[in-house]
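Values in this text are rule-based calculations from the coordinates and carry no lab data. In this text, all values refer to a predicted model and were calculated from it rather than measured experimentally. Every residue, glycine as well, gets a Cβ built from its backbone with ideal geometry; the counts of neighbours run over all protein chains shown.
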Amino acid sequence: MKFTSALALLSAVASAQVVIVPTGPVRGPNTLVFKEINGVKNNECLTFTNDGTIVNTACANANADRQVTPGKLLGADILIIQRSFLQPFRPDLVGKTACIGFNGTTFRAEDCAERSVLTTYFDVGNGRIVANGDGWPACLSGHDSKAIVTVDDTGRSCAQFTITAVTPTKP
Ligand SMILES: *[C@@H]1O[C@H](CO)[C@@H](O)[C@H](O)[C@H]1NC(C)=O
């Protein structure tokens, strides 16, 4: 009798389908380096400077500051930056998980949990880095004369990136 009710309890638990959504950023399985097609010659890869600016630089794929891991936050796609950030450059990012964020004008490193900026994702089919905006298809569109990435907030002329999977380097 006891045995039967224990089984009944177990099967009730198994069929309850409790879905626990983690509240923090969750890393996906692949860590990537992004290389811009027609980027700055011999400096086509994206990196994150100390203040979180995204620039084209040499493809030193083993450097943490080149590496990005696609993941999820509360169901939304995010791009998690591998490197860490320090005082005095980005006090807001010390000890935080940083993501590529979009604040309406600029893509740069932001706290993944910061709600006032949009997160971003890699559109694999088109090779684009795009903001997670409802009806706001802003994308990285290339780079300026200082190799700093530029934005097209209409999403019409996006830069394209190839990706290389790498082993994550300690931040
Ligand atoms: C977005 O961030 C950039 C870089 O920090 C800053 O210059 C710009 O004013 C910000 N834009 C908005 C709308 O907050």
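Data for the structure
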quantity: Vicinal HN-Hα couplings computed from phi for segment 129-146 (Karplus, 6.51 cos²θ - 1.76 cosθ + 1.60; Hz; Gly/Pro x); calculated: 9, 10, 6, 7, x, 5, x, 10, x, 3, 9, 6, 10, x, 8, 9, 5, 9
quantity: Longest to shortest principal axis, alpha-carbon extents of segment 25-166, angstrom; calculated: 34, 34, 29
quantity: Cβ-defined net charge surrounding Glu114, 10 Å radius [Lys, Arg +1; Asp, Glu -1]; calculated: -1
quantity: Computed FRET value (nearest 0.05) for Thr154 with Leu86, which takes r as the C-beta separation and R₀ as 35 Å; calculated: 0.50
quantity: Counted charge near Ile37, where neighbours are those whose Cβ lies closer than 13 Å (Asp, Glu -1; Lys, Arg +1); calculated: +1
quantity: Relative contact order (%) - criterion: Cα under 8 Å, at least six apart; region: segment 25-166; calculated: 24 percent
quantity: Nearest-ten-degree value, helix 2-15 long axis tilted from longest Cα axis of the chain; calculated: 30 degrees
